[in-house]
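Participant: Dropping a structure here in structure tokens format, bear with me for questions.
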Amino acid sequence: MSELDIGQFLSRLKYFDALRDEDETRLGEVDRIQPHYSAEWPTGLDSKVRNALVHSGIDKPYMHQAQAIEMALSGADVVMESPTASGKTLAFTAPMLHLLRQNPGSHAMMIYPMKALAFDQREQIRRICQPIGIDSWPYDGDTEHEHKALFRQNPPPILLTNPEYLNMSFLGSRESWERHSEGANFLRNLRFVVIDEMHEYRGFFGGNMALLMRRFFLYLNRIGACPQVFLSTATCANPQEHARSLTGRDVELVSARNVLRPKRNFIFVSPDIPDFQYWDILRLRVENAALTALAEGLQVLVFCPTKRFLEAAFSHTRRRAEERGLDSEKISAYHADLKPDHRQNIQERIKAGEIRVVFTTNALEIGLDVGGLDGVILAGFPPSIMSAWQQMGRAGRGWDKDAFVLFYAMNDPIDQFFVSNLNAFLNKPFDELVVDPSNEELIGRHIPSLMEETGGLITPSEEAILGSPFHSAAGKNLGEVPKGYKPQPLLNLRGGIGQSFSLKRGNEELGQVSAMRRFKEAYIGAVFPFFGQKYHVRSHEERAVILEECEPHLKTEPGFYTVPSISEIFNGMGYGDLRVYAGSLNIHINFTGYKLVDERSDETLRTGGENEALYLNNLHSFWLEIAPSEETFDGIGAVEHMLRVGTMFVVPSDRFDTSTFSRPSSDPSAYCYENYPGGIGVAKKLFSKWDVVLEKGIEIARSCRCSTGCQNCIEPAKSWDISNGNINKVKGIDLAEYLLEMASKGPDRIFRDGLLMPI
């Protein structure tokens with residue numbers, strides 16, 4: 001086994017000035033788990049497939065692999081949950097190849113959320129496929145035009161694709177797959193579908209994927225194809241529920257939690273850097289950490305928050321490596337804008353060990369399987385806890401090898417929060433993934449494509465494939481489809497719902513921002529922080545926010561007041577003086593202007609901004625109401641914040657998916673609502689888990705050393721109505737514990753016929 005001397009590594013980080021004594025540094029580790037092996041391969045597995053696996057060096061499978069293979073060989077749809085680098089690829093490749101061998105002329109499709117993963121997986125399965133003469137090829141945006149035409153005419157047994165091409169080509173241009181002979185028709189002979197990295201399909205993307213898969217299975221059913229499905233995921237709390245939500249099918253579960261794991265050392269750092277110098281010095285620290293790894297002969301990925309950060313850090317580190325006499329050719333950059341052959345070349349050189357330090361965006365968050373990878377360096381916390389674990393999971397791909405995770409916090413509350421709560425992060429419960437295929441906003445976007453694919457005709461029996469909400473909406477929109485109508489290319493699967501705007505600095509696009517964030521944080525005149533850098537919002541264009549450089553010591557303090565109104569109640573419970581609800585809200589947010597402040601002196605330099613309002617309808621929400629008293633007035637603001645923090649750990653969502661609001665009024669209440677219309681499942685999940693969420697919020701607030709409240713325990717990413725200075729943490733904890741005490745006695749009322757009725 002390869003062991004990492006963490007003490008020596010910390011000393012080397014300090015020697016290279018990547019770490020300083022005055023930094024807030026938290027250390028943690030997770031222990032190694034050795035795997036258990038099956039005595040033999042499942043007896044029903046095709047002999048040539050078994051021989052190919054043994055020839056590739058796999059004498060016998062892990063126990064969980066054998067269980068998944070056996071279940072798939074029985075013909076069941078399967079979802080397997082197991083940690084990163086636990087052999088999920090082999091678990092679905094073996095039954096897939098078995099089926100292709102047993103059914104000559106049949107085909108398989110493998111769906112991946114990212115190109116890097118598809119490329120990496122093809123390299124893995126090709127080693128097994130070659131001895132038995134089964135070929136596989138990618139079919140995505142990197143595939144050359146003439147190859148696409150060839151694949152449609154004479155498809156290989158296995159095609160690897162992504163959701164966009166499933167939507168635009170296999171469905172949107174399905175006629176081009178149907179023009180060939182019955183024996184060469186890929187879709188009619190499709191017998192096996194793999195949906196890998198299932199945990200990537202959550203929230204907005206997950207809702208789109210769920211509706212896309214229902215459209216796909218409906219079309220296949222109409223042409224007489226009913227493929228077997230195999231889904232895989234890193235460990236989550238509800239894999240079977242999530243797989244069924246994504247596919248609409250009755251999927252069987254193989255659960256393999258904690259079956260194997262490398263030893264990982266965690267180093268979480270909040271650098272001691274003045275705010276107005278944070279971006280530049282943070283980048284320098286990250287560069288120094290990369291140089292440390294290079295000098296120590298380690299192989300690492302450095303995850304960067306933006307392409308701009310990546311390019312600056314990459315070029316500076318190569319130059320500084322040469323100055324130190326280190327081999328700069330062992331340092332590379334990787335991002336989605338590189339040409340396909342360049343990306344593939346870099347991945348191959350990483351696997352060969354020729355490249356030791358890779359600066360990357362989230363393009364390598366999933367997909368790179370390198371047994372020799374020693375660690376990852378994170379410049380800033382990823383958008384969600386799930387993404388963080390995906391990036392951290394790149395380190396230690398072999399169970400018998402130590403690895404490290406070095407995280408540098410940026411100067412925003414979420415990053416600082418995780419440094420102060422490392423143990424809470426490491427010991428968090430398994431993620432419960434959420435996706436809502438009943439989202440009416442998303443259904444409305446898929447209806448035109450469904451109508452084109454069905455000719456405007458839906459049968460009652462097809463409700464079993466589409467699900468009731470999608471089928472019902474389709475039935476209300478039946479009609480003649482115009483000739484040549486192709487709506488599929490207009491469907492944005494990853495962009496979510498609601499309008500989004502590009503963030504532009506000159507000709508450079510830095511990222512995107514939702515309509516709500518544009519209103520709340522990127523108003524004209526705002527100082528807008530984006531991944532550690534501050535920008536001044538110069539103007540708004542039709543679909544863009546125009547930014548320019550801003551002095552780092554400036555900030556703006558906006559003024560808002562929010563008026564929520566309940567649109568619909570889906571569910572509710574009563575516990576004495578406490579009432580909890582899930583429903584939809586209409587939100588009226590008023591902007592009253594801003595102050596421009598010099599952080600060095602706390603001086604207000606000017607005021608500005610025109611009164612504006614934002615109206616948002618049908619925002620799914622969880623909320624609680626409590627009988628008024630002095631205690632509830634004083635504590636409700638902190639309860640709101642504890643709900644927000646607890647949600648990050650119990651119900652995974654990206655950091656800008658939800659917002660909170662509280663009212664210390666005649667009916668004190670706290671809301672946690674989704675930021676986009678139609679629902680992504682977070683609020684409904686929160687309703688069923690609110691007590692667990694609040695317990696986690698209390699735990700984090702109690703463990704913090706502050707006396708009232710700070711960004712490390714109860715301040716969320718953005719606070720709308722109650723300033724942190726007005727929050728009383730102690731009274732908030734007291735109120736939260738009182739709410740949990742009432743809930744522990746069980747409900748005395750349930751929501752029925754529009755009212756809370758006695759049980």
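The values are calculated or read from the model by the stated rules, or taken from the named source; none is laboratory data. Computed from a predicted model, the values in this text were never measured in an experiment. Neighbour counts are summed over all protein chains in view; Cβ atoms, including those assigned to glycine, are modelled from backbone coordinates with ideal geometry. Side chains are part of the model used for accessible areas, which takes the heavy atoms of the whole protein and leaves out ligands, DNA and RNA. Shrake-Rupley method; radii C 1.70, N 1.55, O 1.52, S 1.80 Å.
Residue-by-condition table, conditions (1) under 28 Å from Gln34 (Cβ atoms); (2) not polar (S, T, N, Q):
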residue: Ser169; (1), (2): no, no
residue: Ile195; (1), (2): no, yes
residue: Val229; (1), (2): no, yes
residue: Ala237; (1), (2): yes, yes
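Participant: Checking the condition under 30 Å from Ser387 (Cβ atoms) and open to solvent by 30 Å² or more (accessible area, probe 1.4 Å), which residue from Asn611, Asn617, Asn675 passes?
Facilitator: Working: Asn611 fails: under 30 Å from Ser387 (Cβ atoms); Asn675 fails: open to solvent by 30 Å² or more (accessible area, probe 1.4 Å).
Result: Asn617 is the single residue among Asn611, Asn617, Asn675 that is under 30 Å from Ser387 (Cβ atoms) and open to solvent by 30 Å² or more (accessible area, probe 1.4 Å).
Participant: Do we find that Asp21 is part of a loop (DSSP other than H, G, I, E, B), in contact with a helix residue (DSSP H, G or I) (Cβ under 8 Å, 6 or more places away or on another chain), on the phi > 0 side of the Ramachandran plot and open to solvent by 40 Å² or more (accessible area, probe 1.4 Å) in this structure?
Facilitator: In short, no.
Participant: Kindly establish whether Asp412 is of a type outside the set (Val, Ile, Thr), crowded, with 17+ Cβ neighbours inside 10 Å, touching a residue at least 60 places away in the same chain (Cβ under 8 Å) and within 19 Å of Phe205 (Cβ to Cβ). Give the derivation first.
Facilitator: On the way: of a type outside the set (Val, Ile, Thr): yes; crowded, with 17+ Cβ neighbours inside 10 Å: yes; touching a residue at least 60 places away in the same chain (Cβ under 8 Å): yes; within 19 Å of Phe205 (Cβ to Cβ): no.
The answer is no for Asp412.
Yes or no, residue by residue, for (1) closer than 26 Å to Asp657 by Cα; (2) open to solvent by less than 20 Å² (accessible area, probe 1.4 Å); (3) modelled with pLDDT of 90 or more:
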| site | (1), (2), (3) |
| --- | --- |
| Asn421 | yes, yes, no |
| Ile458 | no, no, yes |
| Lys483 | no, no, no |
| Gly506 | no, no, no |
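Participant: Moving to a separate point now. What are the residues in the range 206-232 that are part of a strand (DSSP E or B) and open to solvent by 20 Å² or more (accessible area, probe 1.4 Å), if any?
Facilitator: Residues of the range 206-232 part of a strand (DSSP E or B): 228-232.
The answer is Gln228, and nothing else.
Participant: Another question, then. If you take the residues in the range 305-327 that are among the hydroxyl-bearing types (Ser, Thr, Tyr) and in contact (Cβ under 8 Å) with a residue 24 or more places away in the chain, which one is least open to solvent (accessible area, probe 1.4 Å)?
Facilitator: Initially, the range 305-327 is screened for residues among the hydroxyl-bearing types (Ser, Thr, Tyr), giving 306, 315, 317.
Adding the requirement that they be in contact (Cβ under 8 Å) with a residue 24 or more places away in the chain leaves 306, 317.
Numbers: Thr306: 17, Thr317: 1 Å².
Looking at the filtered set, the residue picked out is Thr317.
Participant: Looking at the range 603-623, can you tell me whether even one residue there is closer than 30 Å to Ser703 by Cα and without any contact (Cβ under 8 Å) to a residue 12 or more places away in the chain?
Facilitator: We begin by selecting, within the range 603-623, every residue closer than 30 Å to Ser703 by Cα; these are 621-623.
Restricting the remaining residues to those that are without any contact (Cβ under 8 Å) to a residue 12 or more places away in the chain gives none.
No - not one qualifying residue is present in the range 603-623.
Participant: To continue, here is another question. Take the conditions in contact with a helix residue (DSSP H, G or I) (Cβ under 9 Å, 6 or more places away or on another chain) and within 30 Å of Phe649 (Cβ to Cβ) and apply them to Val481. Does it pass?
Facilitator: Working: in contact with a helix residue (DSSP H, G or I) (Cβ under 9 Å, 6 or more places away or on another chain): yes; within 30 Å of Phe649 (Cβ to Cβ): no.
The answer is no for Val481.
Participant: Taking the residues in the range 357-386 that are touching a Leu at 6+ places or on another chain (Cβ under 7 Å) and open to solvent by 10 Å² or more (accessible area, probe 1.4 Å) as candidates, determine which candidate is modelled with the highest pLDDT.
Facilitator: Taking the candidates together, the pick is Asp374.
Participant: For the range 30-51, what are the residues that are in contact with a strand residue (DSSP E or B) (Cβ under 8 Å, 6 or more places away or on another chain) and surrounded by 15 or more Cβ atoms within 10 Å (Cβ to Cβ)?
Facilitator: Answer for the range 30-51, where residues must be in contact with a strand residue (DSSP E or B) (Cβ under 8 Å, 6 or more places away or on another chain) and surrounded by 15 or more Cβ atoms within 10 Å (Cβ to Cβ): Val30, Arg32, Ile33, Pro35, Ser38.
Participant: So Gly646 clears everything in (1) part of a helix (DSSP H, G or I); (2) open to solvent by 10 Å² or more (accessible area, probe 1.4 Å) except one condition, right? Which one?
Facilitator: (2) is the only condition that Gly646 fails.
Participant: Taking Ala39 as meeting all but one of (1) over 17 Å from Glu123 (Cα atoms); (2) modelled with pLDDT under 90; (3) part of a helix (DSSP H, G or I), write down the number of the exception.
Facilitator: All conditions are met except number (3).
Participant: Now for a different question. Within the range 709-729, can one find any residue that is over 19 Å from Asp415 (Cα atoms), modelled with pLDDT of 80 or more and either among the small types (Gly, Ala, Ser) or surrounded by fewer than 24 Cβ atoms within 10 Å (Cβ to Cβ) (or both)?
Facilitator: Among the residues of the range 709-729, at least one is over 19 Å from Asp415 (Cα atoms), modelled with pLDDT of 80 or more and either among the small types (Gly, Ala, Ser) or surrounded by fewer than 24 Cβ atoms within 10 Å (Cβ to Cβ) (or both), which makes the answer yes.
Participant: Still on this structure, please answer the following. I'd like to know if the range 70-78 contains one or more residues that are closer than 25 Å to Asp341 by Cα and free of Cβ contacts under 8 Å to residues at least 40 places away in the same chain. Let's see the steps before the verdict.
Facilitator: Restricting attention to the range 70-78, the residues satisfying the condition of being closer than 25 Å to Asp341 by Cα are none.
No, the range 70-78 contains no residue that is closer than 25 Å to Asp341 by Cα and free of Cβ contacts under 8 Å to residues at least 40 places away in the same chain.
Participant: Additional query: Could you list all residues from the range 136-163 that are open to solvent by 70 Å² or more (accessible area, probe 1.4 Å) and either over 17 Å from Val194 (Cα atoms) or not aromatic (Phe, Trp, Tyr) (or both)? Explain how you work it out, then say what you get.
Facilitator: So the first thing to find is which residues in the range 136-163 are open to solvent by 70 Å² or more (accessible area, probe 1.4 Å), and the list is 137, 144-147, 150, 153-154.
Result: Glu144, His145, Glu146, His147, Leu150, Gln153, Asn154.
Participant: I'm told Val302 meets every condition in (1) under 21 Å from the mean Cα position of the chain (by Cα); (2) open to solvent by 50 Å² or more (accessible area, probe 1.4 Å) except one. Can you identify the failing condition by its number?
Facilitator: So the condition that Val302 fails would be (2).
Participant: Further question: Does any residue of the range 277-297 turn out to be open to solvent by 10 Å² or more (accessible area, probe 1.4 Å) and under 19 Å from Arg349 (Cβ atoms)?
Facilitator: Yes, there is a match, as at least one residue in the range 277-297 is open to solvent by 10 Å² or more (accessible area, probe 1.4 Å) and under 19 Å from Arg349 (Cβ atoms).
Participant: Only one of Phe309, Phe303 is at pLDDT 85 or above and touching a Leu at 6+ places or on another chain (Cβ under 6 Å). Can you tell me which? Reasoning before the result, please.
Facilitator: Numbers: Phe309 fails: touching a Leu at 6+ places or on another chain (Cβ under 6 Å).
When all the criteria are applied, what remains is Phe303.
Participant: Another question, if that's okay. Which one of the conditions (1) small (Gly, Ala, Ser); (2) part of a loop (DSSP other than H, G, I, E, B); (3) modelled with pLDDT of 90 or more does Ser665 fail to meet, given that it meets all the rest?
Facilitator: (3)
Participant: Let me ask something else. Does Arg122 satisfy the criteria of being surrounded by fewer than 21 Cβ atoms within 10 Å (Cβ to Cβ), modelled with pLDDT under 95 and either touching an Asp or Glu at 6+ places or on another chain (Cβ under 8 Å) or aromatic (Phe, Trp, Tyr) (or both)? Quick ask: steps written out before the conclusion?
Facilitator: Working: surrounded by fewer than 21 Cβ atoms within 10 Å (Cβ to Cβ): yes; modelled with pLDDT under 95: yes; either touching an Asp or Glu at 6+ places or on another chain (Cβ under 8 Å) or aromatic (Phe, Trp, Tyr) (or both): no.
Here the answer is no, as Arg122 does not meet what is asked.
Participant: It is to be established whether one or more residues within the range 543-561 are touching a residue at least 60 places away in the same chain (Cβ under 8 Å) and out of contact with any helix residue (DSSP H, G or I) (no Cβ under 8 Å at 6 or more places or on another chain).
Facilitator: Of the range 543-561, the ones touching a residue at least 60 places away in the same chain (Cβ under 8 Å) are 551-553, 560-561.
Subset that is out of contact with any helix residue (DSSP H, G or I) (no Cβ under 8 Å at 6 or more places or on another chain): 561.
Yes, that holds for at least one residue.
Participant: Would you pick out the residues in the range 534-572 that are open to solvent by 50 Å² or more (accessible area, probe 1.4 Å) and polar (S, T, N, Q)?
Facilitator: Ser565, Ser567, Asn571
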